[in-house]
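To keep things clear, I will list the structure first and then write my remarks on it.
The values are calculated or read from the model by the stated rules, or taken from the named source; none is laboratory data. Note that the structure is a prediction, hence the values are computed from the model and not measured. Counting neighbours? That spans all protein chains shown, and the Cβs are built from the backbone with ideal geometry, glycine included.
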Amino acid sequence: MSDEVTRKSGEPAENSSARLIERLKAGDEQAYEEFVTEYRERVYRVAWRVLRDDEAAEDCAQEAFIKVFRHIGRFEGRSSLYTWLYRITVNIALNKLKRDRFRQMVPLGDLPRRDKRASTNPLRAALSSEVAERIDEAVRQLPEKQRAVFTLKFFEGLSHREIADIVGCSEGTSKANYFHAIRKLRVMLEDLR
Amino acid sequence: MSCELNKDLLIEYIDGDLSSDEARLIEEHLEQCPECRAEMDAFVGVRELLLDDGYVEPSPFYWTRFNARLMQRIRRPSLLSWHPAATPRLVPVAIATVLFVVGFTVGAGHLLGLRGPGGPDVADSGQDSVISLTSKQHVMSGEGVIELADYSDTLRPSTFAEPTEGPQFILARSDRSQDAMEERLSSEGFRD
């Protein structure tokens, strides 16, 4: 996958991406807004699927973009900008999950779930069904890292190499986490098929 | 379960992660192995279920507000000062702050009687006492991290208890070296 922000016709994506990074480093606000607009859906989606909560996902996404803004000067291009952004997002989300679990000192699967009736999103509330609840419950049962790997692979379609880079593990570990997640979900959702 | 095929290969097959040769071998195996066909159906079934996991894409209006909130947070002066492009502007400000605090502290020392009748002139004594730097402000510069004293709560009573010693002001390189800061940034995932 390559960065596609502000790509002009006929211009190689790398050049476009390199120029965007330069503009971001120079503090160009317009470039920053373009960057946010390009990636916000992906960042929010990953955050939501790891955290399973609207407000927490928004906080996580905003924090991720702010951290990119703060640390763009240290970005050296060893990985692509979007991989870096994903890594920051996943780290924030995983840290939040750990903090919440530590604060409440309850097993992972028993963390309080979002009350869908109280959801601020009417469409989401309308979609609330027994199946969705069961899937939500099953995904929450996955350990944090497994949940992140599963999200990046299953929903974002990233390769295990990219996921390994984002999550900070080997390609083999990424695969193992993903297979474990799929097998667990299969068992937990067996009766729904 | 009698078939010894690694079932993870079925997951990879469904995800399209196998090479064309590997995929062909799996297809040939599935034709003659009912057990793996059942496994395959199970994985396909759970995959279809999971696609509707309750996530709903927010509305365009939500995204407009998202950008507005984010840009508002970024424009806050405290955050702007973090941006690398803004950092050089901080250095003279920081130096001016330190000079002001130094002047203020010396003046306060005089007012509080450090220059007692017949006692030594603290400001001119050339001797050292220590102001503890308990609260520090980190300033990033091209040369590394500098810690500047925040003197708001740092005057140690002993400075006044030992009027024979003059104050020493410290503008030191960080105890945490640049390397340590680099390491911390890497561990938190801010390194690309």
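Would you kindly identify the helices (runs of 4 or more DSSP H) lying entirely within segment B:1-115 that contain at least 3 residues that are modelled with pLDDT of 85 or more and not small (G, A, S)? Show your work before the answer.
Values: elements: B:8-15, B:20-32, B:34-51, B:60-75, B:77-80, B:87-111.
Hits in segment B:1-115: B:8-15, B:20-32, B:34-51, B:60-75, B:87-111.
Check A:K184 against each of (1) in contact with a His (Cβ under 8 Å, 6 or more places away or on another chain); (2) within 12 Å of chain B (Cβ to nearest Cβ) and name the one condition it does not meet.
For A:K184, the exception is condition (1).
For segment A:159-185, how many residues are touching a Leu at 6+ places or on another chain (Cβ under 7 Å) and surrounded by fewer than 20 Cβ atoms within 10 Å (Cβ to Cβ)?
Qualifying residue count for the region: 1.
Taking the condition of being within 14 Å of chain A (Cβ to nearest Cβ), of a type outside the set (A, V, I, L, M, F, W, C) and surrounded by 15 or more Cβ atoms within 10 Å (Cβ to Cβ), how many residues in segment B:15-58 meet it?
Looking only at that region, the number is 9.
List every residue pair whose Cβ atoms lie under 9 Å apart, where the two residues are 6 or more positions apart in sequence or sit on different chains, the first residue falls within segment B:60-77 and is at the interface with another protein chain (Cβ under 10 Å from one of its Cβ atoms), and the second residue, located anywhere, is of a type in the set (G, A, S).
Going by the 9 Å Cβ cut-off, the qualifying pairs are B:F66/A:A61; B:L70/A:A61.
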